[in-house]
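The structure appears below as structure tokens.
Here, each number is a calculation from the coordinates, and none is a lab measurement. This one's a predicted model, so the numbers in the text were calculated from it and none came from an experiment. Please note: Cβ atoms are built from the backbone with ideal geometry, for glycine as well, and neighbour counts cover all protein chains shown.
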Amino acid sequence: MYRFIEHPSDLKIEGRNKTFEKALEDVANGMFTQMGAGHAKEKDTIEIESKKGTAEDLVVDSLSKIIAECEIVPFTPKRAEVTETGGKSVRIKVFGEKKQPENVIKAVTYHELQIMKEKSGWAIAVLFDI
């Protein structure tokens, strides 16, 4: 599950789920709604892989790679699925459609980034520069 958190100039999304991987998927899926997921079909896929030393770096790097790939292809993402994880790595398969995204997300930021392990699972909050 994700939710948008009010921010005066940028986009902040929080994902909450039982596992870190599912919370990351939730943040990615929230990001996709901003990019036009509502008008995309799950016809095509792209995959990204990230290997970083910290959970914070892993979140920022993997989401940044998805944004970059969506601009290069072009690709409008619809849904993310974490297909593989290791201690310091993640592989994400993104389902969507090969067409220009409706809106551009400029960057994933470290500003206000939060990753929390809670009793009920994980919460990841990310601020995007739009």
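Based on the Cβ-Cβ distance from THR45 to VAL104, what FRET efficiency comes out when R0 is 25 Å, to the nearest 0.05?
Details: r = 21 Å, r/R0 = 0.84.
With R0 = 25 Å, the Cβ-Cβ based efficiency is 0.75.
Work out, in µm²/s and without decimals, the Stokes-Einstein translational diffusion coefficient of region 18-130 at 10 °C, 1.306 mPa s, Rh from Kirkwood over C-alpha pairs. Don't skip to the answer; put the middle values down first.
Numbers: Rh = 13.9 Å.
After rounding, the answer is 114 µm²/s.
Comparing Cα centroids, region 22-79 and region 94-130 end up 8 angstrom apart. Residues ARG16, ARG79 in ascending order of nearby Cβ atoms (within 10 Å, fewest first): ARG79, ARG16.
Against the main long axis of the alpha-carbon atoms of the chain, helix 20-35 sits at an angle near 40°.
Each distinct pair of alpha carbons in region 71-130 adds a 1/r term; the inverse of their mean, the Kirkwood radius, is 13.9 Å.
Taking Cα atoms only, the orientation of helix 55-72 departs from the longest principal axis of the chain by about 0 degrees. For region 2-129, the relative contact order works out to 32 percent when only alpha carbon pairs closer than 8 Å and six or more residues apart are counted. Ranked by how many other Cβ atoms sit within 10 Å of their own Cβ, fewest first, the residues SER50, SER64, SER9 fall in the order SER9, SER64, SER50.
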